[in-house]
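Note sheet for the following structure.
The values are calculated or read from the model by the stated rules, or taken from the named source; none is laboratory data. Just so you know, these numbers come straight off a predicted model, no measurement behind them. Counting neighbours? That spans all protein chains shown, and the Cβs are built from the backbone with ideal geometry, glycine included. Accessible surface areas use protein heavy atoms only, side chains included; no ligands, DNA or RNA. Shrake-Rupley method; radii C 1.70, N 1.55, O 1.52, S 1.80 Å.
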Amino acid sequence: MARAGAELINPVTGLRTVFRKTARDTGGELLQVDWIGSPGWTTGPDHVHRRQDERFEVLSGKLGLRVESVERVLGEGEVLVAPAGYAHAGWNAGDDEVHALVDFRPALRTETAFETLAGLAVDGKTNGVGAPKNPLLLALVLREYEDEIYFVRPPLFVQKVSFGVLAKVARLLGYQTVYPYP
């Protein structure tokens with residue numbers, strides 16, 4: 001379980017996540033993390049947080065953000081919010097590390113999703129963008145954390161149907177929705 005000061009290192013994506021405030025600390029109102037992304041780091045494909053606002057404040061480096069197809073590069077001190085329901089993606093837009101303070105409101109189970117994906121990456125079970133390699137595990141994780149995040153493509157109704165079926169098979173085979181980070 002995440003706690004303030006704990007750190008996740010995702011060796012696949014090149015992202016270091018440091019928890020500042022967790023759901024437990026804030027009564028579920030806020031998850032606040034430092035994201036330190038190495039050159040080449042990206043959040044992956046455009047995605048949506050249906051019930052969360054995500055606020056990015058650049059502390060150092062350059063952060064590229066695409067919100068509803070509009071791209072910007074933010075520098076130190078700049079802030080941008082991706083409101084709940086808006087498609088977005090982020091990446092390191094510079095040659096050095098990017099360090100951003102990121103708030104998720106409300107916290108939901110986002111910290112557990114981060115721990116699960118980082119744990120899978122440490123164990124070599126994710127692809128180059130940090131998603132589970134095994135399609136059954138991918139479907140299970142995406143279905144489980146659908147309230148926290150879903151991809152823009154394919155359309156959500158297609159994801160619900162296809163991932164729903166695959167997630168049921170994954171559960172029958174004993175796959176778990178929470179994967180521990182070492």
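Structure values in brief
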quantity: Residue within region 120-133 that is in contact with a helix residue (DSSP H, G or I) (Cβ under 8 Å, 6 or more places away or on another chain) and either open to solvent by 50 Å² or more (accessible area, probe 1.4 Å) or over 20 Å from Asp46 (Cα atoms) (or both) present; calculated: yes
quantity: Qualifying residues in region 97-126 (those that are hydroxyl-bearing (Ser, Thr, Tyr) and in a helix (DSSP H, G or I)) - the one farthest from Thr22 (Cα to Cα); calculated: Thr116
quantity: Hits in region 80-98 (condition: open to solvent by less than 60 Å² (accessible area, probe 1.4 Å), out of contact with any Leu (no Cβ under 8 Å at 6 or more places or on another chain) and closer than 17 Å to Gln32 by Cα); calculated: Pro83, Ala84
quantity: Criterion violated by Arg20 - all others in (1) over 30 Å from Pro182 (Cβ atoms); (2) open to solvent by 20 Å² or more (accessible area, probe 1.4 Å) satisfied; calculated: (1)
quantity: Every pair of residues 6+ apart whose Cβ atoms lie under 9 Å, when the first sits in region 76-102 and is without any contact (Cβ under 8 Å) to a residue 40 or more places away in the chain while the second is part of a strand (DSSP E or B) and small (Gly, Ala, Ser); calculated: Glu76/Ser60; Ala82/Gly90; Ala93/Gly64
quantity: Residue match in region 102-113 (condition: farther than 23 Å from Gly27 by Cα, open to solvent by 10 Å² or more (accessible area, probe 1.4 Å), touching a Gly at 6+ places or on another chain (Cβ under 9 Å) and at pLDDT 95 or above); calculated: no
quantity: Candidate set from region 37-75 (those that are without any contact (Cβ under 8 Å) to a residue 24 or more places away in the chain and part of a loop (DSSP other than H, G, I, E, B)); member that is least open to solvent (accessible area, probe 1.4 Å); calculated: Gly75
quantity: In region 1-16, the residues that are buried (at least 21 other Cβ atoms within 10 Å of the Cβ), assigned to a strand (DSSP E or B) and not hydrophobic (A, V, I, L, M, F, W, C); calculated: Asn10
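Residue-wise test of (1) over 13 Å from the mean Cα position of the chain (by Cα); (2) polar (S, T, N, Q); (3) modelled with pLDDT under 95.
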residue: Gly5; (1), (2), (3): yes, no, no
residue: Leu8; (1), (2), (3): no, no, no
residue: Arg24; (1), (2), (3): yes, no, no
residue: Ser38; (1), (2), (3): yes, yes, no
